1. Hey, can you rank 44-53, 2-11 by average C-beta count inside 10 Å, highest first?
2. Where in region 1-72 are there GluC sites (Glu not before Pro) that are in a DSSP coil and have at most 13 other Cβ atoms within 10 angstrom of their Cβ?
3. Take the cross-link list K50/K76; K46/K87; K46/K76; K14/K45 and give me the ones stretching past 23 Å between alpha-carbons.
4. In Å and from the alpha-carbon atoms only, list the Rg and Dmax of region 32-83.
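Where a number appears in this text, it was derived from the coordinates with a stated rule and is not lab data. Remember, predicted model here, so these are calculated numbers, not experimental data. Positions of Cβ are backbone-derived with ideal geometry, glycine not excepted, and every protein chain shown enters the neighbour counts.
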Amino acid sequence: MTTFKTPARKSARKKATRDYASLNNGGVGTDPQRFMRMVESKSIKKAQFKWMKGNDLEDWLENDETALREPVVFEKPDGLGMKMPLKDLTVEDVAELVGEEVPVEVMGAPHSLLNYQL
C-alpha cells in the first residue's frame, strides 16, 4: 500500500523579509526616519470626543443617559473640585518635592498596581 502525503500549504500573503546580516551588526537596516515620514504623510483628525466645561458635569450626568460611556475632554477643571498641576510640572519636580526614594502609584498605566520609585 502506498500513501501519498500532500505538500504543506503555503500562504500567499506577503511576508516581511529580514536582513539578518544587518540585525547581526546591531541595526535593523532601515531608515530611522521612516516613522516620522509616515506620520507626516498622514492627516490627523481632531478627536471626536465630547468637549465640555467642568461646571456642566453634574447636569450632564443627571440628564444624559449616555453619560460616561465615551471619553470626555474637560478644557478647564473649573467646577470639578480638582486642583490641577501646572502644565510645566515634570517628573524631576515631583521627585524633588516628595523624595526620589518614595514609591509613587502610577495611574492610567497597564501596571498601575505596581509602585515605582522616582
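1. 44-53, 2-11
2. Listed in order of number, the matching sites are E65.
3. Listed pairs above 23 Å: K14/K45.
4. Taking only Cα atoms of region 32-83, I get Rg and Dmax of 16.9, 51 Å.
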